[in-house]
Amino acid sequence: MPETESTLTNLYEHPGHLLRRAQQISVSIFYDEMGGELTPVQYAMLRNLAGNPGIDQVSLSASSGIDTSTGATVCARLEEKGLLERKVIPTNRRQRALTITRAGQQLLDDMIPGAQRLRRRLLAPLSSEEQLKFMELLTKLVQENNEQSRAPLTAPAGASASTAMASVRDAR
């Protein structure tokens, strides 16, 4: 073992543990700022659908980094809430094209200020320079480890995986 490597006896030296804690904090702030209308996963799927109208459910799940069974459940829930519609694709009757409803788009529009507050609150402990560097490193961590995920992020049809992750970089 290199001299600089810890024995990792302290739980807070484990990156995975810190990432899990950061996720817990992020979800807590999400509900504080965005309300209880949508879960974070529902929000992610609906936000992604808004940018990819007509996408099928499997592709929407993949482009959101969510497994297909969870994606199916989320889409069904969003449809029940009247936030998305599913329509049969004439060339493949087993697939459904998804579109966001007017109510879904209005909800997303209404949530923009909350999303901005969420981002500010989550990153507040860091200086402006640190925020940029943190987002850069977090994006790199996610990109470089994407294939290790049980639901790797894939780009919607017609877009590359790097295009899908570009939105993460652009959000900085």
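The values are calculated or read from the model by the stated rules, or taken from the named source; none is laboratory data. Every value quoted in this text rests on a predicted model; they were computed, and no experiment measured them. Note that each Cβ is placed from the backbone with ideal geometry, even for glycine, and that neighbours are counted across all protein chains shown.
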- Give just the number: which of (1) closer than 24 Å to ALA151 by Cα; (2) over 17 Å from the mean Cα position of the chain (by Cα); (3) not in a strand (DSSP E or B) does ASN52 not satisfy? (2)
- If you go through the range 1-49 one residue at a time, how many are assigned to a helix (DSSP H, G or I), of a type in the set (A, V, I, L, M, F, W, C) and within 27 Å of ARG77 (Cα to Cα)? 11
- Task: Taking ILE89 as meeting all but one of (1) surrounded by 13 or more Cβ atoms within 10 Å (Cβ to Cβ); (2) among the aliphatic types (A, V, I, L, M); (3) farther than 23 Å from LEU78 by Cβ; (4) free of Cβ contacts under 8 Å to residues at least 60 places away in the same chain, write down the number of the exception.
- Result: (3)
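So that you can scan it fast, the table gives a plain yes or no per residue for (1) modelled with pLDDT of 90 or more; (2) more than 23 Å from SER61 (Cα to Cα); (3) touching a Pro at 6+ places or on another chain (Cβ under 9 Å); (4) not aliphatic (A, V, I, L, M):
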{"site": "GLU13", "(1), (2), (3), (4)": "no, yes, no, yes"}
{"site": "GLY16", "(1), (2), (3), (4)": "yes, yes, no, yes"}
{"site": "ARG20", "(1), (2), (3), (4)": "yes, no, no, yes"}
{"site": "SER26", "(1), (2), (3), (4)": "yes, no, yes, yes"}
{"site": "PHE30", "(1), (2), (3), (4)": "yes, no, yes, yes"}
{"site": "PRO40", "(1), (2), (3), (4)": "yes, no, no, yes"}
- Query: Can you name every residue in the range 13-28 that is in contact with a Ser or Thr (Cβ under 9 Å, 6 or more places away or on another chain) and of a type outside the set (A, V, I, L, M, F, W, C)?
  - Reply: GLU13
- Message: If the requirement is being more than 14 Å from THR99 (Cα to Cα) and either touching a residue at least 60 places away in the same chain (Cβ under 8 Å) or exposed (fewer than 12 other Cβ atoms within 10 Å of the Cβ) (or both), which of these qualifies: ARG47, ARG20?
- Response: ARG20
- Query: Taking helices (runs of 4 or more DSSP H) that do not extend beyond the range 98-172, which have at least 2 residues that are at pLDDT 80 or above?
  - Reply: 102-123, 128-144
- Any idea which of GLU37, GLU33 is under 22 Å from MET135 (Cα atoms), acidic (Asp, Glu) and surrounded by 12 or more Cβ atoms within 10 Å (Cβ to Cβ)? GLU33
- Note on the structure: Of the residues in the range 60-80, those that are surrounded by fewer than 18 Cβ atoms within 10 Å (Cβ to Cβ) and either assigned to a helix (DSSP H, G or I) or without any contact (Cβ under 8 Å) to a residue 40 or more places away in the chain (or both) come to THR68, SER69, THR70, ALA72, THR73, ALA76, ARG77, GLU79, GLU80
- Query: Would a scan of the range 94-102 turn up a residue that is over 25 Å from VAL142 (Cβ atoms), hydrophobic (A, V, I, L, M, F, W, C) and more than 18 Å from the chain's Cα centre (by Cα)?
  - Reply: yes
